[in-house]
Each structure stands twice: as C-alpha cells, then as structure tokens.
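Data first, discussion second: the structure below is written as structure tokens.
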Amino acid sequence: MTRPIAYITNPLVRHSAERDPEAIANAVANPWTAMVVLAGDLPILQTGEPGTSLLPAAILRRLPAHQEQVFLGTLNDRPVVATLAPPEAAELFQDDPVFAAVDLRSIAMRGLVPAEELGMLAMAKSLLDWHRRHRFCANCGAPTQAAQAGFRRDCAACGAQHFPRTDPVVIMLVTSGEKCLMGRQPRFPEKMYSCLAGFLEPGETIEDAVRRETFEEAGIRVGAVRYLASQPWPFPSNVMIGCIGEALTDDIAFDGEELEDARWFTKDDIRRMLEGTHEEFLAPAPIAIANHLIREWVKE
Ligand SMILES: [Zn+2]
C-alpha cells in the first residue's frame with residue numbers, strides 16, 4: 001500500500017487576507033470552533049480509530065494559562081484555532097483514556113489521525129514554535145506581541161514587524177542511468193539509507209543547492225536538476241524541496257562527517273528496499289518525501 005507523504009494535505013481555508021485583530025477572540029468565543037492544542041511541542045489528541053487533533057473549544061478550560069494562539073483558518077466553515085500550552089500541560093492528560101500527548105513524528109508514522117489533519121498539525125506546530133522562539137525583537141531586543149491573528153509579531157519599541165519563517169531544504173535523488181545515490185547518517189535507524197539533503201543558502205537557486213550539497217556530501221557532480229514535489233517538515237519549520245538530479249560523475253567520495261556511508265543502488269535494490277525484502281538495506285520511512293522520490297524513480 002502506498003501511503004501519502006505526511007503533512008502535505010491541508011484542507012484549511014487560510015483566510016490570509018482577512019486576519020483581523022478579533023479573529024482569535026471571535027473564534028474562541030464560538031463553541032463550534034475546533035481547537036488544536038500543543039503542550040510544548042506535543043499535540044494533544046483525542047484517541048480513537050483514528051483519533052483526531054481537532055478538539056472541542058471547551059478543552060481550553062482544562063488547560064493552564066495558554067501562551068500563544070493562532071487563527072489557522074476554517075475547515076468547512078468551522079474556525080480552527082491553535083493554542084500553545086506549557087509543556088507540563090501534557091501531564092494533565094496522562095491518565096485520561098480519552099486524550100493522549102504524542103509527538104508529531106509518531107502521529108504521522110503510526111497514522112493516529114486522518115492524513116488530512118497532518119498538514120494542519122504541521123502548520124500549527126511550526127507557527128506556535130515560531131512564537132515560542134521569537135518573543136523578543138531581532139532588531140532592538142524589546143518584547144514583541146502577536147498580531148494579524150498570530151501570523152506576525154510586532155515590536156512596539158522600534159516598529160519592526162516579524163513574520164513566521166519557513167526554511168527551505170533541498171532533498172535530492174541523484175541518478176546515473178539505472179542506479180541512484182543514497183547515503184547514511186549515523187543517527188539513521190540500522191540499515192536505512194536515504195536521499196541526500198541540505199539547507200538552501202541565501203542567494204542560491206534550488207538547482208545549485210542540489211549540486212553543491214551532493215558534491216560536498218558525496219563528491220558527485222550533478223548536471224540537470226528537476227523539481228518533483230515538496231513537503232512541509234515541521235521540525236521545526238522546514239519545507240523539503242524534492243528534486244531529481246542527473247549525475248555527471250560516478251566516483252563517490254565522502255568525508256565521514258555528515259555521512260557514514262554513501263553508495264549507488266540499482267532499481268532492483270530499491271524495489272526490494274521498498275518492499276522490505278532487501279537483506280542488507282532499508283528504505284526511508286513512507287512518511288518522508290525521500291520514500292516518494294525513490295518510489296517515483298523506480299517506476300520510470
Ligand atoms: Zn524592535
């Protein structure tokens with residue numbers, strides 16, 4: 001079974017042009033509003049088969065003073081608000097069989113909520129995490145206040161406006177005819193290999209980032225690069241830009257710092273890795289765009 005890549009489906013209407021100052025207060029006062037709650041960086045779920053991260057608005061009464069709120073948008077006209085509670089709030093739900101506090105990676109891996117909710121959770125986690133880390137102005141150091149329904153922070157002291165960040169990462173399957181290049185970081189699960197990846201730098205095109213990262217990590221020169229798909233990756237606020245690159249050279253050279261191994265895999269290897277029948281190697285997890293990149297390539 002092919003599962004969708006995690007976090008890519010987000011059915012919310014964002015209402016980005018109508019983020020007025022009352023949007024959050026109005027939504028919170030509406031008993032129909034759905035609440036997405038994070039205790040620190042752990043989403044609170046209502047358990048079930050599957051469970052849901054869209055909680056009744058009354059859940060706020062069970063929480064200690066919340067720290068930040070964001071109006072995420074509407075889902076079939078139902079307002080959806082994300083609320084950041086302190087990390088200790090997770091303990092309030094520990095002995096309650098109806099709720100669970102689970103990290104967002106495990107929620108996706110274990111399919112604990114419908115796939116459509118993963119995009120909303122990614123959005124909520126990235127935004128709330130940004131609020132948590134940007135309480136002070138990067139320009140003058142004064143405290144900042146949330147504005148525009150949680151999509152901006154303003155500094156009253158110097159007038160600067162700060163916007164939530166999204167950090168682009170290129171992730172590429174580099175191919176050479178019937179073989180493709182993957183590497184292994186020491187932190188990966190045993191036997192797992194995945195696509196090479198790295199942050200896009202300021203003033204750099206996506207294509208050049210693919211070429212630079214591949215050369216730095218594996219010593220392979222890359223020519224043509226094409227874009228395939230992207231994936232929000234809320235750890236904390238990346239967007240993974242999935243590309244296919246054509247190798248111009250064959251000899252792998254890695255320094256052992258970022259990668260502990262890099263090698264060429266045949267299409268037959270990849271098929272067996274995806275099926276889980278390869279005796280030596282494992283494919284990247286199905287929730288990751290790397291899995292999608294190799295899956296698309298073996299079909300070609
Ligand atoms: Zn300032």
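Can you pull out every residue in the range 35-68 that is open to solvent by 10 Å² or more (accessible area, probe 1.4 Å), touching a residue at least 12 places away in the same chain (Cβ under 8 Å), of a type outside the set (A, V, I, L, M, F, W, C) and over 18 Å from Glu117 (Cα atoms)?
Correct list: Arg62, Pro64, His66, Gln67, Glu68.
Working carefully through the options Arg110, Arg132, find the one that is surrounded by fewer than 13 Cβ atoms within 10 Å (Cβ to Cβ), farther than 30 Å from Ala247 by Cα and more than 16 Å from the ligand (Cβ to nearest atom).
Arg110
Among the residues of the range 135-161, which ones are in contact (Cβ under 8 Å) with a residue 24 or more places away in the chain and either of a type in the set (Ser, Thr, Tyr) or open to solvent by less than 40 Å² (accessible area, probe 1.4 Å) (or both)?
Narrowing the range 135-161 to residues in contact (Cβ under 8 Å) with a residue 24 or more places away in the chain: 137-138, 146-151.
Within the range 135-161, Cys137, Ala147, Ala149, Gly150, Phe151 meet the criteria.
Per-residue answers, yes or no, for (1) out of contact with any strand residue (DSSP E or B) (no Cβ under 8 Å at 6 or more places or on another chain); (2) closer than 26 Å to Ile241 by Cβ:
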| position | (1), (2) |
| --- | --- |
| Thr9 | yes, yes |
| Arg14 | no, yes |
| Ala25 | yes, no |
| Met35 | no, no |
| Leu55 | no, no |
| Leu72 | no, yes |
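Mind counting the residues in the range 111-147 that are basic (Lys, Arg) and part of a loop (DSSP other than H, G, I, E, B)?
Keep residues of the range 111-147 that are basic (Lys, Arg), which gives 125, 132-133, 135.
Retained after the next criterion (residues that are part of a loop (DSSP other than H, G, I, E, B)): 135.
Adding up the residues that qualify gives 1.
Please tell me if Val169 is more than 16 Å from the ligand (Cβ to nearest atom), in contact with a Phe, Trp or Tyr (Cβ under 9 Å, 6 or more places away or on another chain) and of a type in the set (Val, Ile, Thr).
Details: more than 16 Å from the ligand (Cβ to nearest atom): yes; in contact with a Phe, Trp or Tyr (Cβ under 9 Å, 6 or more places away or on another chain): yes; of a type in the set (Val, Ile, Thr): yes.
Yes, satisfied.
What is the residue count in the range 266-288 for residues that are buried (at least 22 other Cβ atoms within 10 Å of the Cβ) and under 23 Å from Gly219 (Cα atoms)?
3
Checking Phe199 against (1) of a type outside the set (Asp, Glu); (2) without any contact (Cβ under 8 Å) to a residue 60 or more places away in the chain; (3) closer than 30 Å to Pro79 by Cα, which test does it fail?
Failed condition: (3).
From Pro164, Pro202, grab the single residue that is part of a loop (DSSP other than H, G, I, E, B), modelled with pLDDT of 95 or more and surrounded by 15 or more Cβ atoms within 10 Å (Cβ to Cβ). Break it down into steps so the answer makes sense when it comes.
Numbers: Pro202 fails: surrounded by 15 or more Cβ atoms within 10 Å (Cβ to Cβ).
That would be Pro164, the only listed residue that is part of a loop (DSSP other than H, G, I, E, B), modelled with pLDDT of 95 or more and surrounded by 15 or more Cβ atoms within 10 Å (Cβ to Cβ).
Which ones in the range 215-247 are of a type outside the set (S, T, N, Q), within 12 Å of the chain's Cα centre (by Cα) and open to solvent by 10 Å² or more (accessible area, probe 1.4 Å)?
Those that are of a type outside the set (S, T, N, Q), within 12 Å of the chain's Cα centre (by Cα) and open to solvent by 10 Å² or more (accessible area, probe 1.4 Å): Pro232, Trp233, Phe235, Pro236, Val239, Met240, Ile241.
Is it the case that some residue within the range 198-218 is among the basic types (Lys, Arg) and more than 22 Å from Met273 (Cβ to Cβ)? Walk me through how you get there before you give the answer.
So in the range 198-218, the residues among the basic types (Lys, Arg) come out as 211-212.
In the following step, the residues that additionally are more than 22 Å from Met273 (Cβ to Cβ) were identified as 211-212.
Scanning the range 198-218 turns up at least one residue that is among the basic types (Lys, Arg) and more than 22 Å from Met273 (Cβ to Cβ).
Is there any pair linking a residue in the range 96-111 that is in contact (Cβ under 8 Å) with a residue 60 or more places away in the chain to one that is part of a loop (DSSP other than H, G, I, E, B) and of a type in the set (Val, Ile, Thr), with Cβ under 7 Å and at least six apart or on different chains, and which?
Every condition considered, the pairs that remain are Ile107/Val113; Ala108/Ile287; Met109/Ile287.
The values are calculated or read from the model by the stated rules, or taken from the named source; none is laboratory data. Given the structure is predicted, the values throughout are model-derived calculations rather than measurements. Virtual Cβ from ideal backbone geometry, glycine too; neighbours counted across all protein chains shown. Heads up: the accessible areas ignore ligands, DNA and RNA and are worked out on the full protein's heavy atoms, side chains in. Shrake-Rupley method; radii C 1.70, N 1.55, O 1.52, S 1.80 Å.
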